[in-house]
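Notes follow the structure.
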Amino acid sequence: MKVLYYVLAFIAGASLSIEGAIGGTLGENIGEIETTFYMFAIGFMTVTLITLFFGKGDLSQTFKVPKWKLLGGTLGSFYNLMLVISVPVIGVGLAVIAALFGQIAMSALIEHKGWFGSSAIKFSKNKGIAIVLLALSLYLVY
């Protein structure tokens, strides 16, 4: 059943590439910051509807958690803005590979240190090789 989660993560990654392509071209028409605002406004409305119909959590807990845990939305907006800015200049492929390189390198560090409440997973030789190969792919695609 874990395979389903790999498929969902794959779909999420593919969606980010599509979002980057759409955002990059929209940014040329209405502006990068305006595009990021628009994308998050539409996303907000979408997630609001999903929450209303399918949500089972407790949003009141938002006021009780440590404030650093609420930075995800800010970081997501920053990620989207950086993608909207970079895609028209370097293309969807390079922008996504560079973003993926940053995600994998940082996730390896976060797991190794056990930061942000994540499980500590030691850095391995295979992770190191994978990060180097991803950096090499960025170089080769460039």
**Asked** Hey, any hits in the range 100-114 for a residue that's of a type in the set (D, E, K, R), over 30 Å from GLY27 (Cβ atoms) and surrounded by 10 or more Cβ atoms within 10 Å (Cβ to Cβ)?
**Response** yes
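Out of all the residues in the range 12-63, which are at positive phi and of a type outside the set (Gly, Ala, Ser)?
Looking only at the range 12-63, we keep the residues that are at positive phi, and these are 31.
Passing the criteria: none in range.
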**Criterion: open to solvent by less than 80 Å² (accessible area, probe 1.4 Å), among the polar types (S, T, N, Q) and within 18 Å of VAL141 (Cβ to Cβ) - qualifying residue of SER86, SER118** = SER86
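Suppose we filter the range 14-64 for residues that are free of Cβ contacts under 8 Å to residues at least 40 places away in the same chain and in a helix (DSSP H, G or I); how many remain?
Quick first cut of the range 14-64, residues free of Cβ contacts under 8 Å to residues at least 40 places away in the same chain only: 14-15, 18, 22, 29-31, 34, 37-38, 41-64.
Now drop any that are not in a helix (DSSP H, G or I), which leaves 14-15, 18, 22, 29-30, 34, 37-38, 41-54, 59-63.
Number of matching residues: 28.
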**Request:** Please state which one of THR48, THR35 is β-branched (Val, Ile, Thr), in contact with a Leu (Cβ under 9 Å, 6 or more places away or on another chain) and open to solvent by less than 100 Å² (accessible area, probe 1.4 Å).
**Result:** THR35
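The values are calculated or read from the model by the stated rules, or taken from the named source; none is laboratory data. Note that this is a predicted model, so its numbers are computed, not measured. Note: ideal-geometry Cβ built from the backbone for every residue, glycine included; neighbour counts use all protein chains shown. Side chains included, ligands, DNA and RNA excluded: accessible areas come from the protein's heavy atoms. Shrake-Rupley method; radii C 1.70, N 1.55, O 1.52, S 1.80 Å.
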